[in-house]
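Novice: The following block contains the structure, expressed as structure tokens.
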Amino acid sequence: MEILTYAFFITFLAMTFRMATPVLLGTLGEAFAERSGVLNLGIEGTMLMGASTGFIVTYFIGDLWLGIFAAAFIGMAMGLLMAFLSVTLGAQQHVAGLGITFLGTGLSFFLYRLFVAPAGGVPPTIVPFRPIEIPGLSGIPVLGPTIFTQPALVYLALILVPIVGFIFYRTTLGLNLTAVGQNPKAADTAGINVFRTRYLCLLIAGALAGIAGAWFSMAQSSQFLPGMTMGRGWVCVALVIFANWSPYRILGGALLFGGIDALQTTFAALGVAFPYRILQMFPYIFTIVILVAVARRATYPAALLQPYRREG
Amino acid sequence: MVRRSPVVIKMVGITKKFPGVIANNKINFDVRKGEIHALLGENGAGKTTLMNILYGLYRPDAGEIYIRGKKVTIRSPNDAIGHKVGMIHQHFTLVPPFTVTQNIILGLKFPKGVLKVGLAEKRVTELSEKYGLKVEPRAQVWQLSVGEQQRVEILKALYRGAEILILDEPTSVLTPGEVRDMFKTLRSLAKAGTSTVFISHKLDEVMEISDKVTVLRDGKFVATKKTSTTNKRELARLMVKREVIFRLKKPKAKLGKPALETKKVSALSDRKLLALKEISLSVREGEILGVAGVAGNGQRELAEVIAGIRKATGGKVIVKGKDMTNRSPSEIVEAGVGRIPEDRIDMGLIMDLSVKENLVMETLRDFSDHAVLFFPKGVFLNHSAIDKYADKLISEFKVITPSRDAPSKTLSGGNLQRLILARVLTRNPKILVASEPTRGLDVGATEYIRRKLLEQKKRGAAILLISEDLEEILTLSDRIAVMYEGRIMGIVPARKAKIEKIGLMMAGTPLNKIGR
Amino acid sequence: MRFPLKNLSRGLKAKLPKLKVEKRPYPSLRTKILWPVLSILIALGIGAILIAAAGVNPLTGYYHLFHGALGDAHAISETLWRFTPLLLTGTAVALAFRCKFWNIGVEGQMLTGATVATFFGVSFIGTSSWLLIPLVIISGFLAGALWAVIPAILKAKFKVDEVVTTLLGNWIILYFVAYLVEGPWRNPTSLWPESPAIAGSAVFPRLVPLYRVHIGFIIAIFFAILFFIILRKTVWGFQIKATGANPRAASFMGIKVTRVLITVAILSGGIAGIAGVSELCGTHFHMKGLGFFGGTGELSWGYGYAGIFIAMLGGLNAIGVPVAAFFMAVMIQGSRAMYRATGVPSPFYYAMQGTILVCLLLGIFLTYYRIRKVKG
């Protein structure tokens, strides 16, 4: 019985990291966008484009990393469009983001039907990312089989946390983008190109969202399904507020979410007599609860939602 | 005085057009090394536009700029900084949650893009000691006083090696004491060879600090004078073309009962800090009580508590003898309080709605007084009544608008304020709370609004006038209260008010501690 | 080596005319109509590329699309049958967006309404239509309103962003519905997870025998007209517009912003709930489980999300929304016809929603700004 408990604990922990990965990638991206003053509600659609593109490329070429590259690239294309609408045209960010999500949701499905699987057939599959054991470290008890035996994208997401932290807090880019999101006029007069900075941030956000989406079709499962990100993009929009736009707290938030998400799978596996569909509601309820908990204290970037225009 | 020093800036024939106005019309402007050169003119004369062109924020439609004798094209602030030109805007361009040092190094290049904050802090300290610009490099900017923030702005320019400083209305946010400190800094900078362009519309300070004055009017160059060879009266004439009436005549009005009283009112700011500390005031019918003070000392919070949009955490607001503390805005309007908010565009009006909609907004109940079918009063709007009412107010208050249905955002600043006045004054409020009623308006609109306020007083309204513009307070008020850090420092009759005394109170000395 | 390249780029810059963006203070009515229409045409042009990518001549494709949606009485009836829920969800969203309550949970509010209506529809078999139909409509309205008012209260009391809460609410109710129809409510005689059929007396009567348009259509038109009257004629509509344009100023001028927000959420969610009831009682007659497309219920086919698109395409405007809803109904109905005739994948209309919206944003920009060439 004890071995059983240990085994389940390990499964649960390993699952937590896997469930956290797409949310972590997406939220880090969202942090770039929002710190520079752009609410990117296009993240869900961008993820789906990443999932679909990554899958299609891998399906035809057979190279997982090329698929990831394509997913990041299409994510950047979506980011570019978001930047054009919200930064250049100054469209309402809510509306522009919803537009991008509509576009990504619909187009990902259409392209998938077009290139891979016409309606009615058996959905094709690819060989997804497999866990990699990190030599030397995978032998450590508890940590070994959980943190150090994971698909490559998990490592990528985890390594990105300190990198993003370094960018935000230690580089001119980080200082510039934060200033652009707090007081674009001040940044402009200090000689920072507000438009270019926001474009760059949205490109980064798009790339990360694209990779996050690819996780669903290339690591979590081996096929693409329409709408398969299941609202994770929106979870990212919530988590970035919960994490106060800090990459380290994003890691915490993503793991917390991943834990709740993993719980439902582990519960089911444990044979707990609890309706499976009710368990599936938990991650979403949890996200709303943490949002309620922090909403009053959240200090949004001061220029969020405000398009910047120079007079004259 | 440096006289034969070389010309560092030469602007020739600068023209800049905005839709509907020529902001700069073939302006010539020279500045020499080590000179403090005042750029004088009324609001809208084109001073700031000219300097924004020099700083690369605007591109001129025509004209040439020479810096140190070389013709240059300045496309962005970055270019300007490259030519060692620095600008301190009227509204500071600081990032509030950043530290002083972060603000100063913002936009600078670092090797490999990695910040060296420690090194920067050391340089900031050195510079601030050298020029007597005292400021703590690690403090967060939002915690600093306005005077300190201005020092950060100056340090920011100096850190970038600026040899030409442009200051846009730098004294408008400072106490008289802080102004003296800043002038000292400017003089020591001039001695070290820094040239300063000092934008202002205040004659006294131009006479005090500048070596030379250039006057602009309606976007055109008028004259450049040596300060030592001119005087206030001449400059005033150049500035407005006609002899200025320095003081409107205050009409006498019969003083009535106290109409608006605050008793030990306290309130929090947006940042949840105590912004009002037991404010007690009383305004009588037929009286204007002016509230002076540097911006950010609780004036806004005071107006908002009375207007009903900020909770008082303690004390009482009494309107015509009735306790109206923490009542809703509509109840307060019903009680006869007219409110002219500080923030016209974001609070006083809804810019996306039409002129007529903005006119009836506060009194919707009056325009829904008919029952339709089986619906009671108060459900449907009476559009024909609204149209009639709007037309009447538009002509009565001479609001210039294409039509009553035009969105308010198409109106000019002066007309927007007339719109608010029309809405508020047509109800003949017993009490009027006016915050910064003439800020940013041209002379014509300012005079119109001041006359209207005096008319209201004559009619017997009790007026609380909140303004940063000390001249406005002196011109209009019967009594003057000075606020500092959420407290009233003292209340003096306007007739006997000495500017030095008010200055001391604005800087935080209570009236009872000021010797005779 | 880099030198010639630099010159080239300089040369190009000199050749290209400089563009200047200017604001149009008063766009004329012509401009206001011209650009949105043009942007839809541009979007249809991009759609043509998608159709061509599927190996079909775009003209043939569009012919089948429009013919399939409007070609004969049957097609028109099918289009109007789809138009019914779309008009309701579009109106629900437009009303909410008018006061900047970003209700993107219409999909979930539809499902909530339908779920509660199912409960009554299944429990009260044998009750007269005159009682049961009003009962399912009112209960559906209240359920949808409840699901929308929770995020509104969270926004008013705790400043929780409603974009996220309304959207996540969709997933919560979706799984709850799945739980019901797969578990306690499961119809034992059905192969699919679905509830038993609602009472015959709860079924919405058809307007014309043999055609699928039902009285939901009349209800939808009623709410569209109500929306028009609210916005144009009532004090409440005025308050909604003011709150949406600037809540701070609105509250300064005596409008009770929180009350406006809550009441708008109630009506918006309620209309969405009725859309769900209409689909239940007019189309499916059983409560259904998860849809194939992530985030949608099989009962709604994503009409709740389409409502967002319709509201925006219709400019949140009481006249624009019905037009946009009809356009969307044509796109959905037509895409299926096009698929049957030519094989262009039917998610075509999903892709078009986003394309049109993005083009529309460009169109809106060009309505209010003019781009001019300037010399030098």
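Novice: With r defined as the distance between the Cβ atoms of residue B:129 and residue B:451 and R0 fixed at 51 Å, what FRET efficiency is calculated, to the nearest 0.05?
Specialist: Details: r = 50 Å, r/R0 = 0.99.
Efficiency computed from Cβ-Cβ geometry: 0.50.
Novice: Oh, and also: Under 5 Å between amide H atoms, partner at least 5 residues away or on a different chain: which partners does residue C:370 have, H built in plane at 1.01 Å?
Specialist: Residues meeting the criterion, in which the H sits 1.01 Å from N, are C:22, C:23, C:24.
Novice: Right, here's the next one. Quick check for me: using +1 on Lys/Arg Cβ and -1 on Asp/Glu Cβ, what's the dipole size of the stretch A:209-312 about its Cα centre, in debye to the nearest 20?
Specialist: Using only the charged Cβ atoms, the result is roughly 260 debye.
Novice: Give the accessible area for residue B:272 in Å² (nearest 10); use a 1.4 Å probe, count only protein heavy atoms, and leave out ligands, DNA and RNA.
Specialist: For residue B:272, solvent-accessible area is about 150 Å².
Novice: Please report, as a whole percent, how much of the solvent-accessible surface of the protein assembly as shown comes from carbon and sulfur atoms (probe radius 1.4 Å).
Specialist: Ligands and nucleic acids excluded, carbon and sulfur reach 61 percent.
Novice: Below 8 Å, C-alpha to C-alpha, sequence gap of six or more: please give me the relative contact order for the stretch B:325-472 in percent.
Specialist: Across the stretch B:325-472, relative contact order equals 28 percent.
Novice: A plus C alone minus the pair: what accessible area, both sides summed, probe 1.4 Å, in Å² to 100?
Specialist: Numbers: alone 14420 and 19120 Å², together 29140 Å².
Summing both sides, the interface buries roughly 4400 Å².
Novice: I would also like to ask the following. Nothing charged except the Cβ atoms of Lys and Arg (+1) and of Asp and Glu (-1): what's the magnitude of the dipole of the protein assembly as shown about its Cα centre? Round to the nearest 20 debye.
Specialist: 5320 debye
Novice: Below 8 Å, C-alpha to C-alpha, sequence gap of six or more: please give me the relative contact order for chain B in percent.
Specialist: For chain B, the relative contact order is 15 percent.
Novice: Now a separate question. Quick one: of B:311/B:498; B:311/C:241; B:388/C:241; A:185/B:134, which pairs are farther than 28 Å apart, Cα to Cα? The partial results should precede the final answer.
Specialist: Numbers: B:311/B:498 35 Å; B:311/C:241 26 Å; B:388/C:241 21 Å; A:185/B:134 25 Å.
Long pairs (Cα-Cα over 28 Å): B:311/B:498.
Novice: Taking a 30 Å limit on the Cα-Cα distance, which of the listed pairs B:272/C:100; B:17/B:191; B:272/C:155 fall beyond it? Show your work: numbers first, answer last.
Specialist: Numbers: B:272/C:100 26 Å; B:17/B:191 37 Å; B:272/C:155 20 Å.
Violating the 30 Å Cα-Cα cut-off are B:17/B:191.
Novice: Excluding ligands, DNA and RNA, what is the solvent-accessible area per residue of the protein assembly as shown at a probe of 1.4 Å, expressed in Å²? Each step should come with its number before you reach the end.
Specialist: On the way: 50200 Å² over 1204 residues.
Value returned for the protein assembly as shown: 42 Å² of accessible area per residue.
Novice: Just tell me which aspartates and glutamates come within less than 20 Å, Cα to Cα, of residue B:377; anything on the same chain fewer than 8 places away is out.
Specialist: B:331, B:334, B:357, B:362, B:366, B:369, B:387
Novice: Using a loss threshold of 50 Å², tell me which positions in the stretch B:74-98 are less accessible in the complex than in their chain alone. Probe radius 1.4 Å, ligands and nucleic acids ignored.
Specialist: Going by heavy-atom accessible area, the residues of the stretch B:74-98 that drop by at least 50 Å² are B:93, B:98.
Novice: Apply the Karplus parameterisation 6.51 cos²θ - 1.76 cosθ + 1.60, with θ equal to phi minus 60°, to every residue of the stretch B:422-430 and state each ³J(HN,Hα) to the nearest whole Hz, in sequence, with x for glycine and proline.
Specialist: In residue order, the calculated couplings are 4, 4, 7, 6, 5, 8, 6, x, 6 Hz.
Novice: Viscosity 0.890 mPa s, temperature 25 °C: give me the Stokes-Einstein translational D for the protein assembly as shown in µm²/s, with Rh taken as the Kirkwood radius over C-alpha pairs.
Specialist: In µm²/s, the coefficient is 74.
Novice: Where both residues lie in the protein assembly as shown, what percent of DSSP beta bridges are antiparallel, nearest 5? Each step should come with its number before you reach the end.
Specialist: Values: 59 of 96 bridges.
Around 60 percent antiparallel, to the nearest 5.
Novice: Where Lys and Arg each count +1 and Asp and Glu each count -1, what net charge lies around residue C:248 among other residues with Cβ under 9 Å from its Cβ?
Specialist: After counting each charged neighbour, the total is -2.
Novice: Continuing with this model, one more query. Where does each of A:130, C:212 land when they are ordered by accessible area, with a 1.4 Å probe and the largest first?
Specialist: From most accessible down to least: A:130, C:212.
Novice: Compute, for residue B:70, the solvent-accessible surface of its heavy atoms (probe 1.4 Å) with the complete set of protein chains present, and express it in square angstrom to the nearest 10.
Specialist: Ignoring ligands and nucleic acids, residue B:70 comes out at about 140 Å².
Novice: Another question, then. Can you tally the net charge around residue C:225? Count Lys and Arg as +1, Asp and Glu as -1, for every other residue whose Cβ sits under 13 Å from the Cβ of residue C:225.
Specialist: Around residue C:225, the surrounding residues sum to +2.
Novice: May I pose another question? Calculate the FRET efficiency for residue B:514 and residue B:70 from the Cβ-Cβ distance with a Förster distance of 51 Å, rounded to the nearest 0.05.
Specialist: Values: r = 53 Å, r/R0 = 1.05.
After rounding, the FRET efficiency stands at 0.45.
Novice: While we're here: Assign unit charges at the C-beta atoms only (+1 for Lys and Arg, -1 for Asp and Glu), then state the dipole size of chain B relative to its Cα centre in Debye, rounded to the nearest 20.
Specialist: Values: 89 positive and 57 negative charges, 263 e Å.
Rounded to the nearest 20 debye, it is 1260 debye.
Novice: For chain C, modelled as a GNM with alpha-carbon contacts under 10 angstrom, which of C:208, C:264, C:321 fluctuates the most?
Specialist: C:208
Novice: Identify which of A:151, A:135, A:226 has the largest mean-square fluctuation in a Gaussian network model of chain A, with springs joining Cα atoms closer than 10 Å.
Specialist: Comparing A:151, A:135, A:226 in a Gaussian network model of chain A, the most mobile one is A:135.
Novice: Modelling each spin label as a point 7 Å along the Cα-to-Cβ direction, I'd like the residue B:271/residue A:299 distance in nm, to one decimal.
Specialist: Here the answer is 0.9 nm between the modelled labels.
Novice: Using 1/(1 + (r/R0)^6) with R0 = 56 angstrom and r between the beta carbons of residue B:331 and residue A:169, what's the FRET efficiency to the nearest 0.05?
Specialist: Numbers: r = 49 Å, r/R0 = 0.87.
With R0 = 56 Å, the Cβ-Cβ based efficiency is 0.70.
Novice: Sticking with this structure for a sec: When only alpha-carbon atoms count, how far does chain B stretch along each of its three principal axes, as whole angstroms with the largest first?
Specialist: Principal-axis extents of chain B (Cα, largest first): 78, 53, 52 Å.
Novice: Let me ask another. Starting from the amide H of residue B:8, placed 1.01 Å from N in the peptide plane, find each other amide H under 5 Å away whose residue is 5 or more places distant or on another chain.
Specialist: B:31, B:32, B:33
Novice: Check which residues have an amide H placed less than 5 Å from residue B:435's amide H, if you skip close sequence neighbours.
Specialist: Under 5 Å from the amide H of residue B:435: B:340, B:342, B:466.
Novice: Ballpark to the nearest 100 Å², how much total accessible area do C and B bury together, probe 1.4 Å?
Specialist: 2300 Å²
Novice: Using only Cα atoms, locate the centre of the stretch A:290-312 and the centre of the stretch B:137-200, then give the distance between them in Å, rounded to an integer.
Specialist: Measuring centre to centre over Cα atoms gives 30 Å.
Novice: Another question, if that's okay. Computed on protein heavy atoms with a 1.4 Å probe, what is the summed buried accessible area for the chain pair A and B, in Å² to the nearest 100?
Specialist: Interface area, both chains combined: 1800 Å², rounded to the nearest 100.
Novice: A follow-up question, please. Could you calculate the contour length gain from residue B:496 to residue B:61, that is, 0.36 nm times the residue separation minus the distance between their Cα atoms, to one decimal place in nm?
Specialist: 151.5 nm
Novice: Shifting gears a bit: Taking only DSSP H segments of four or more residues, each worth -39500 (n - 2.57), what value at 222 nm results for chain A once the sum is divided by all its residues, to the nearest 500 deg cm²/dmol? Can you show the working numbers first?
Specialist: On the way: 12 runs with 213 residues, N = 312.
For chain A, the value works out to -23000 deg cm²/dmol.
Novice: Mind jotting down the distance between the C-alpha centroids of the stretch C:292-333 and the stretch C:29-105, whole Å?
Specialist: 8 Å
Novice: Can you bin the stretch C:55-344 into rounded, prolate or oblate? Criterion: square roots of the alpha carbon gyration tensor eigenvalues sorted a ≥ b ≥ c, rounded for a/c under 1.5, prolate for a/b above b/c, oblate for the rest.
Specialist: Judged from the Cα gyration tensor, the stretch C:55-344 comes out oblate (a/c at least 1.5, b/c at or above a/b).
Novice: A further question follows. Treat each spin label as a single point 7 Å out from the Cα along the C-beta direction, and report the residue C:28 to residue A:143 distance in nm.
Specialist: 7.3 nm
Novice: Roughly how crowded by other chains is peptide B:9-19, in terms of the mean Cβ count from those chains within 10 Å of each of its Cβ atoms?
Specialist: 1
The values are calculated or read from the model by the stated rules, or taken from the named source; none is laboratory data. Keep in mind the model is a prediction, meaning the values are calculated, not measured. No Cβ is skipped: glycine too gets one built from the backbone with ideal geometry, and neighbour counts run over all protein chains shown. Protein only, heavy atoms only, side chains kept; ligands, DNA and RNA dropped before computing areas. Shrake-Rupley method; radii C 1.70, N 1.55, O 1.52, S 1.80 Å.
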